[in-house]
Amino acid sequence: FTPDGDMTNDTWKILDMDANLPNNIVRVYNRWGNLIFEHLSSMTNPYSSNEWDGTYKGEQLPVGSYYFIIEHNDGSSDSETGTVSIILNK
């Protein structure tokens, strides 16, 4: 995604996640394994209300790939893992 303030792809959208996994937990880590974003979803606090905007503690993070874990949090041990990239054209 491209968190550059142009109102296009400024947050990491995960399509249909709230409908399919309403109690998900999204965690994003930097390359050193530090947790830089976490959202615990619920019916009243879906991920779509707090999508990751590419910042950590209010500061824009650099271009790069970040590791994510999405726990389904539905009573199973299922989770999704992978990388998400920040791309900036500055």
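All of the numbers you see were taken from the coordinates with simple rules; none came from a lab. None of the values given here were measured: they were computed from a predicted structure. Cβ placement follows ideal geometry from the backbone for every residue including glycine, while neighbour counts extend to all protein chains displayed.
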**Request:** For residues that are farther than 10 Å from E71 by Cβ and under 10 Å from the mean Cα position of the chain (by Cα), tally how many sit in the stretch 19-47.
**Result:** 7
**Residue within the stretch 26-36 that is closer than 27 Å to L88 by Cα, assigned to a loop (DSSP other than H, G, I, E, B), hydrophobic (A, V, I, L, M, F, W, C) and in contact with a Ser or Thr (Cβ under 9 Å, 6 or more places away or on another chain) present** = no
